Amino acid sequence: PWRTCQKRGCHVLRSLSWSRRLPVPSEQLFMEMAEVMATEGWRDAGYEFVCIDDCWMAPTRDRQGRLQADPKRVPSGIRRVAQVHSKGLKLGIYSDVGNKTCAGFPGSYNHYDLDAQTFSSWGVDLLKFDGCNSDTLELLAEGYRHMSLALNKTGRSIVYSCEWPLYLRPMQQPNYTEIKQYCNHWRNFHDVYDSWSSIKTILGWTALHQDTIVKIAGPGGWNDPDMLVIGNFGLSWDQAVTQMAMWAVMAAPLFMSNDLRHISPDAKWLLQNKEVIAINQDPLGKQGYQITKDMNFELWERPLSGQAYAVAVLNQQEIGGPRNFTFSLTLLGNGLACNPACSVRQVLPASRDWGFYSWVSSLSVEVNPTGTVLLKVVAP
Ligand code: GAL
């Protein structure tokens, strides 16, 4: 509504300065990552944003009240980092609706217009706006609205990523119609961590709330289940496949949080997989949902353009080996997905054509523990 959506991938670097295993965010790190994105296929796969998360600011504003970058971490300033534009990339930045960011750096409260102008003058293309340290829910809502209007007033196209519903939820039901008027995507649930239990919890929350959140998603405004953690330490191969497949089914904005300079060929193949990304970015813009849950299997579908459906079968049973799930094609698309017949192609964990099926057929799918088989079903 307010801005045209530029939902493409986004490479995000979080400020994990407390971890020894992960690099401290710095200007040099952002530039190195941008170089890898431009030269190793990431940008061409659709990941076009380099996003700076919390902790980039100096502890105080400058004399004119403007936010300024930490002189040690970003000595040349954010405007210089925005030169990622010359590599065909875009720049994302982070701020907070309250007095302080979650990590205690200056927040945008009382400075919404000035900060929007500053970001725009630096050449920023995306703002992640966090919700820590806001005194009341009313101030939180006003702040999210105000910043949206302030970004629009700059005249620069800036994707607006919110955490409004996440911070409202414990006390208040979010009004998603309103949130979509102001935000391009919004976090509903806790931060993702590099672990299977985190991925599982996010999927469980999403299925539980699908009646409220699925219908609101569409071009211009998306539910954001948080970043892809594929390519780090915590997920097995099957779990990484599950995250990629399910983030595509959920029409999630694709932000990676990893170190692209040191990533396995398998993780790279998965994250750059064109067929999965095409499902994620499908122009119909409908979010998928869970159809049934049975014997620790979950069956999800996402309606796609061209009378097609993405279908995911997730095996939630963590013990034992691969198990078979058999389901009737009449379960898909309210019985219409395969009427009178359809072609079935497996997209993940490896691509393979399965051939044609009539609408009364059943499919039997073998799925590894915590893994997912992602199919694309097309009615001819
Ligand atoms: C959290 C937010 C995270 C991250 C962090 C930074 O509140 O949900 O995504 O940005 O703050 O301090």
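The values are calculated or read from the model by the stated rules, or taken from the named source; none is laboratory data. Note that this is a predicted model, so its numbers are computed, not measured. Methodologically, a virtual Cβ is constructed for each residue, glycine included, from the backbone with ideal geometry; neighbour enumeration extends over all protein chains shown. For accessibility, only protein heavy atoms count, side chains too; no ligands or nucleic acids. Shrake-Rupley method; radii C 1.70, N 1.55, O 1.52, S 1.80 Å.
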| Along the charge dipole of the chain, Cβ charges K/R +1 and D/E -1, which of Ser264, Thr118, Trp300 sits furthest on the positive end? | Thr118
| field | Spin-label model distance (nm) - Thr177 vs Ser121, 7 Å beyond Cα toward Cβ | value | 3.9
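What ratio of Cα Rg to 2.2 N^0.38 Å holds for the stretch 129-209?
Compactness ratio reported: 1.19.
Classify the stretch 242-344 from the C-alpha gyration tensor, please: rounded if a/c falls under 1.5, else prolate or oblate depending on whether a/b exceeds b/c. Walk me through the numbers on the way to the answer.
Values: a/c = 2.26, a/b = 1.31, b/c = 1.72.
Oblate is the answer for the stretch 242-344, as a/c is 1.5 or above yet b/c matches or exceeds a/b.
For the chain, what relative contact order do you get, as a whole percent, if you take Cα pairs closer than 8 Å and at least 6 residues apart? Working shown, then result.
Values: 814 pairs, mean separation 47.9, N = 380.
In percent, rounded to a whole number, it is 13.
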| request: Enumerate the amide H contacts of Met227 below 5 Å, restricted to partners 5 or more residues apart or on another chain; note that Pro and chain-start residues carry no placed amide H. | output: Val192
| In vacuo Debye scattering of the stretch 164-258, one point per C-alpha: log10 I(q)/I(0) at q = 0.16 Å⁻¹? | -0.64
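Going by a ≥ b ≥ c, the root eigenvalues of the Cα gyration tensor, does the stretch 86-190 fall in the rounded group (a/c under 1.5), the prolate group (a/b larger than b/c) or the oblate group? Walk me through the numbers on the way to the answer.
Working: a/c = 1.73, a/b = 1.49, b/c = 1.16.
Prolate.
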| task | Would you work out what percent of the accessible area of the stretch 239-309, with all protein chains in place, is carbon or sulfur (probe 1.4 Å)? | result | 52
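Just to be sure I follow: if Rg is taken over the C-alpha atoms of the stretch 266-305 and Rh is the Kirkwood radius over the same atoms, what is Rg/Rh? Provide the component values of the computation, followed by the final result.
Details: Rg = 12.8 Å, Rh = 11.8 Å.
So for the stretch 266-305, dividing Rg by the Kirkwood Rh gives 1.09.
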| field | Rounded percent of accessible protein surface that carbon and sulfur make up, the stretch 99-191, 1.4 Å probe | value | 49
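Full-extension gain between Asn324 and Arg352, please, as 0.36 nm times their residue separation minus the C-alpha to C-alpha distance. Before the final figure, lay out each step's value.
Working: separation 28, 0.36 × 28 = 10.08 nm, distance 1.76 nm.
Residue separation times 0.36 nm, minus the Cα-Cα distance, leaves 8.3 nm.
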| note | Measuring from its Cα centre, the stretch 276-380 shows a charge dipole (+1 at each Lys and Arg Cβ, -1 at each Asp and Glu Cβ) which, in debye to the nearest 20, is 160
| task | Using a Gaussian network model of the chain whose springs link C-alpha atoms within less than 10 Å, name the residue from Asn232, Asn188, Asn175 with the highest mean-square fluctuation. | result | Asn175
| query | Which length gain, in nm to one decimal place, applies between Glu32 and Asp113 when the Cα-Cα distance is subtracted from 0.36 nm times their residue separation? | reply | 26.0 nm
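Determine, from the Cβ-Cβ distance of Asn133 and Ser264 and an R0 of 45 Å, the FRET efficiency 1/(1 + (r/R0)^6), rounded to the nearest 0.05.
Details: r = 38 Å, r/R0 = 0.85.
Efficiency for this residue pair is about 0.75.
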| task | Please report, in Å, the Rg and the Dmax of the chain, where both are computed over Cα atoms only. | result | 21.1, 71
| Quick one: helix 137-153 against the long Cα principal axis of the chain, what's the angle to the nearest 10°, folded into 0 to 90? | 80
| task | Could you tell me which of rounded, prolate or oblate describes the stretch 71-135, using a ≥ b ≥ c as the square roots of the eigenvalues of the alpha-carbon gyration tensor, with rounded for a/c under 1.5 and, failing that, prolate when a/b is larger than b/c and oblate otherwise? | result | prolate
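Keeping every protein chain present and rolling a 1.4 Å probe, give me the accessible area per residue for the stretch 139-229 in Å². Could the numbers behind the result be given before it?
Numbers: 3470 Å² over 91 residues.
I get 38 Å² per residue for the stretch 139-229.
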